[in-house]
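> Before anything else, here's the structure in question.
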Amino acid sequence: MIPNAAPNQFELETALQQQLPYALALLLRNGMKLSMAQSCLSRAKRSAREYYRKGLEADDLLFYLLFCVDSMQTTSERKYCALASEELGNTPLLQLMLFCHEPLLSERQRLIACLHFCFALERKYIIKQLGIERSLLASEIKIIRKLLDKRNLKALPKHIGTVSLYKLQVLLRTIFQKNSEIGLHQHHIRLGISKQCICFAQSLYYHHEDCDRSAALLSLLLGRSARDKALYNKRDELVELADQDRALWDRSAITLADHYLGLALRTGNTGSYHLEASIEALYNQSPNDDETDWSQLLVLYNALCVKNNNVDNQLQRIYILWRATLNPLVAFEQLERLLEESPELEHKGQYHIRKAQLLNAMSDIHSAQSELKTALDLSISSAERRLLIRSINSSR
């Protein structure tokens with residue numbers, strides 16, 4: 001027994017003694033060497049003590065330990081994903097903060113800076129991900145390196161201002177979104193960057209726990225990353241959410257996402273991150289595609305489009321409208337109206353994919369195929385192109 005321990009602290013230590021043998025057995029069963037498993041669990045235990053320090057119930061401790069270990073495994077992804085240290089003054093987070101603030105950097109330079117310096121992504125992958133020339137990337141990195149050399153990075157400030165926090169959150173969200181475009185053949189990079197984004201978001205949350213937006217962002221990243229391993233099949237084809245093998249979804253990440261969403265919603269705020277995290281939670285709670293609560297998703301997407309009315313959200317809202325009402329004609333009319341308001345959609349593959357789905361639902365197979373071919377011409381993602389080719393062939 002721990003003397004003078006608070007009840008939740010005693011509960012945690014008891015739970016650790018009970019769950020560590022189970023966690024160790026699971027890791028060994030999955031092929032991890034004993035020395036590595038013990039080392040990873042030792043670090044996960046320290047992280048758990050910090051995580052539960054605030055009085056959180058310890059009933060999902062086993063899941064949390066395994067989630068931590070999964071983030072620390074020294075596989076080929078380690079060089080892309082160094083687990084953020086428990087101390088908040090780690091260099092990558094400092095660099096991230098610097099890059100999001102620096103007025104001399106363009107948006108593209110910020111992305112390059114974060115991917116190369118904070119996430120240690122190799123140049124060949126940045127070239128592929130951002131679609132830029134090798135010489136241009138070298139020039140941009142040289143400019144950014146000079147900027148780093150001029151700055152004296154020592155420690156994260158004790159208080160991050162509201163504007164700084166907002167910029168950091170937007171930058172993390174952008175990197176996480178861009179990361180989803182990496183295909184199966186670089187899956188260790190995609191998973192590594194995803195985990196690093198989560199580690200940064202968690203550090204921001206602990207540094208600014210009174211900010212419900214930080215908790216909402218962390219929930220959003222955890223909830224979406226939980227489906228990472230089901231996103232591509234063995235042929236490196238993108239797998240639509242409806243067709244994903246839900247047994248591959250990471251239930252420990254979903255548990256953590258739900259916890260942080262609960263913290264984010266305590267204040268009653270409903271910002272865009274709160275809504276997006278709630279959307280991910282609904283998807284993750286659905287046992288299958290048919291049993292998804294499409295009506296509730298439509299409510300959330302309607303609210304999200306009021307907060308953040310971009311074409312991506314609108315395209316998804318129109319798709320949800322069709323699934324919720326089972327009326328493709330109404331959704332199609334709204335899609336055409338959206339095109340009138342945003343003519344640039346003609347050059348966006350996702351628009352043509354959504355249009356093809358609605359045309360297919362209205363039994364206009366020939367027109368649907370034409371839209372899929374247009375989406376194929378516009379796509380730069382090899383995994384998405386394989387999915388489109390398969391869809392075109394299957395509809396013939």
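The values are calculated or read from the model by the stated rules, or taken from the named source; none is laboratory data. Being a predicted model, the structure only gives us computed values, none of them experimental. Don't worry about glycine lacking a Cβ; one is built from the backbone with ideal geometry, like all the others, and counts go over all protein chains shown.
> Looking only at segment 244-275, filter to residues that are without any contact (Cβ under 8 Å) to a residue 24 or more places away in the chain and out of contact with any Ser or Thr (no Cβ under 9 Å at 6 or more places or on another chain); which one of those is nearest to GLN202 (Cα to Cα)? Walk me through it before giving the result.
In the first step, residues of segment 244-275 are kept if they are without any contact (Cβ under 8 Å) to a residue 24 or more places away in the chain; the result is 244-245, 247-248, 262, 268.
Filter once more, so that each one left must be out of contact with any Ser or Thr (no Cβ under 9 Å at 6 or more places or on another chain): 244-245, 247-248, 268.
Details: GLN244: 27, ASP245: 28, ALA247: 26, LEU248: 24, GLY268: 21 Å.
Applying the filter and picking the extreme gives GLY268.
> With respect to ARG390, is the statement that it is basic (Lys, Arg) and either crowded, with 18+ Cβ neighbours inside 10 Å or over 27 Å from ASP236 (Cα atoms) (or both) true?
No; evaluated as a whole, the condition is false for this residue.
> If LYS307 satisfies all but one of (1) at positive phi; (2) under 25 Å from the mean Cα position of the chain (by Cα); (3) not polar (S, T, N, Q), what's the number of the condition it fails?
For LYS307, the failing item is (1).
> Consider LEU238 against the criteria (1) at pLDDT below 90; (2) surrounded by fewer than 16 Cβ atoms within 10 Å (Cβ to Cβ): it satisfies all of them except one. Which criterion is unmet?
Here LEU238 clears every test but (2).
> Look through ARG385, ARG354 and report the one residue that is modelled with pLDDT under 95 and of a type outside the set (A, V, I, L, M).
ARG385
> Something else: Can you pull out the residues in segment 264-274 that are surrounded by fewer than 23 Cβ atoms within 10 Å (Cβ to Cβ) and either part of a helix (DSSP H, G or I) or among the acidic types (Asp, Glu) (or both)?
LEU265, SER272
> Quickly run through segment 361-384 and pick out the residues that are out of contact with any helix residue (DSSP H, G or I) (no Cβ under 6 Å at 6 or more places or on another chain) and charged (D, E, K, R).
Residues satisfying the conditions are ASP364, LYS373, ASP377, GLU384.
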